[in-house]
Amino acid sequence: MKKLGIIAAATYAATYRGENADAYPGSHHGTAFSTTFNGYDEQKADQWDWTFIKAENRIEDARITKVWDPQREWAERLAETCCIDEVVDTPEACCENVDAVLIVDDGSGEHHKFAGYPLEHGVPTYCDKPLAMTAKAADQVAQLVRRTGTPFMSASSLRFVPDIVALRDSVAELGDVHLVTTICGNELIYYGIHALSLYYGVFGGGAVSCLNVGKPDCNIVRVRFEHDRDLVLMVGESDKMRAGYQINIFGTQGWKSLVPDIANLYYYLLQRFMHLLDTGEEPVPVEEEVEVIAVLEAGKRSLLEGREVTIAEMLE
């Protein structure tokens, strides 16, 4: 039975836009991850007014034994509800005497900063999406991963849902693919990573440049890839479109449109992390996640500057 630590799992503050925001109790990803491994006490889960996601599927060969959150009160409540043995005082303590650590999206866009300690100390690490809000910050994490050789994973959960895996395995039936569209709601980097990851889950990387012809709250980004393929990435804020996910692939031998089934998506994500722990095989090379962030950042810069932006510029 593998022992896991979980960091920044009990509260969430959406400060990634650079605005002040109060943390609210509970965490979508933090509670979903905790219940996937540890299960939960139904009565205790319902006793507080907090964001609490009850995973339906369980991973039985690992258990979260330590939790840290800046608001200890809610870390204690998460521990009580999910039978986590120990609430610790620092994120570093969460990495001690465990087989791996999970760093949860805390709404800051800077949760990758917690990855330095476990990577330097050889503790296998999962860092939630987005890996960072800039390609340079993401690349710093990637360089640390390669320098230390510590097993590491960061990815959108949508890459691994069965629909997308099946689409990847069958896409050759559509012939040569030159045009793809993906769609989702909310902010371009923080949530657009999910729509972009639908593409990467099927085709992989190789992005060259971005041209955003939309608006700040309604992004329409043409992402040019190698091999004569363009992706149109559409990401709209909540006042412009309802949230959801879709990928459309247009090939020389056929078309395919898919709204992926996202039930149990965290289960499939965490399964891949467990596979990394068991085998050492990377589900996603960290360099590919750096490219994903670079594409999203280039899309934002393109709109701001009114020009086509190369992916290489994001790492200069």
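The values are calculated or read from the model by the stated rules, or taken from the named source; none is laboratory data. As the structure is a prediction and not an experimental result, all values here were calculated from the model. Note that we place each Cβ from the backbone using ideal geometry, even for glycine, and neighbour counts take in every protein chain shown.
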| Tally time: how many residues in segment 148-171 are under 20 Å from Leu102 (Cα atoms) and of a type outside the set (Phe, Trp, Tyr)? | 12
| Of the residues that sit in segment 16-48 and are modelled with pLDDT under 95 and under 18 Å from the mean Cα position of the chain (by Cα), which one is nearest to Cys82 (Cα to Cα)? | Tyr16
| request: Kindly indicate the residue of segment 223-257 that is under 22 Å from the mean Cα position of the chain (by Cα) and surrounded by fewer than 17 Cβ atoms within 10 Å (Cβ to Cβ) and also nearest to Gly175 (Cα to Cα) among those meeting that condition. | output: Asn248
| said: So for segment 299-316 (the condition being surrounded by fewer than 21 Cβ atoms within 10 Å (Cβ to Cβ), in contact with an Asp or Glu (Cβ under 7 Å, 6 or more places away or on another chain), assigned to a helix (DSSP H, G or I) and at pLDDT 95 or above), does at least one residue qualify? | reply: yes
| remark: Note on Ser257: of the conditions (1) closer than 21 Å to Gly39 by Cβ; (2) polar (S, T, N, Q); (3) without any contact (Cβ under 8 Å) to a residue 24 or more places away in the chain, unmet is (1)
| field | Test for Leu179: is it of a type in the set (A, V, I, L, M, F, W, C), more than 13 Å from Ile247 (Cα to Cα), in contact with a strand residue (DSSP E or B) (Cβ under 7 Å, 6 or more places away or on another chain) and part of a strand (DSSP E or B) | value | no
| message | Could you check segment 115-139 and list, in sequence order, the residues that are assigned to a helix (DSSP H, G or I) and crowded, with 22+ Cβ neighbours inside 10 Å? | response | Ala115, Pro118, Leu119, Ala135, Ala138
| request: State which residue is nearest to Gly107 (Cα to Cα) when the search covers only segment 27-61 and only residues that are surrounded by 21 or more Cβ atoms within 10 Å (Cβ to Cβ) and of a type in the set (Gly, Ala, Ser). | output: Ser27
| field | Top-ranked residue in segment 266-298 [being assigned to a helix (DSSP H, G or I) and without any contact (Cβ under 8 Å) to a residue 60 or more places away in the chain; ranked as farthest from Leu102 (Cα to Cα)] | value | Thr279
| Hey, Gly201 part of a helix (DSSP H, G or I), touching a Cys at 6+ places or on another chain (Cβ under 8 Å) and not assigned by TED's automatic domain parsing to the domain that holds His29 or not | no
| request: Could you tell me whether any residue of segment 30-46 is of a type outside the set (Lys, Arg), under 25 Å from Tyr191 (Cα atoms) and touching a Ser or Thr at 6+ places or on another chain (Cβ under 6 Å)? | output: no
| query | What helices (runs of 4 or more DSSP H), lying completely within segment 3-114, carry at least 2 residues that are closer than 28 Å to Ile193 by Cα and among the aromatic types (Phe, Trp, Tyr)? | reply | 28-38
| request: Working only within segment 101-114, note down all residues that are on the phi < 0 side of the Ramachandran plot and either crowded, with 17+ Cβ neighbours inside 10 Å or outside the structural domain of Gln47 (by TED's automatic domain parsing) (or both). | output: Val101, Leu102, Ile103, Val104, Asp105, Asp106, Ser108, His111, His112, Phe114
| task | Mind listing whichever residues of segment 57-74 are under 18 Å from Ile103 (Cα atoms) and over 22 Å from the mean Cα position of the chain (by Cα)? | result | Thr65, Gln71, Arg72, Trp74
| In segment 146-168, how many are of a type in the set (Val, Ile, Thr) and surrounded by fewer than 22 Cβ atoms within 10 Å (Cβ to Cβ)? | 3
| What's the number of the condition Tyr268 fails, among (1) in contact with a helix residue (DSSP H, G or I) (Cβ under 6 Å, 6 or more places away or on another chain); (2) crowded, with 21+ Cβ neighbours inside 10 Å; (3) among the aromatic types (Phe, Trp, Tyr)? | (2)
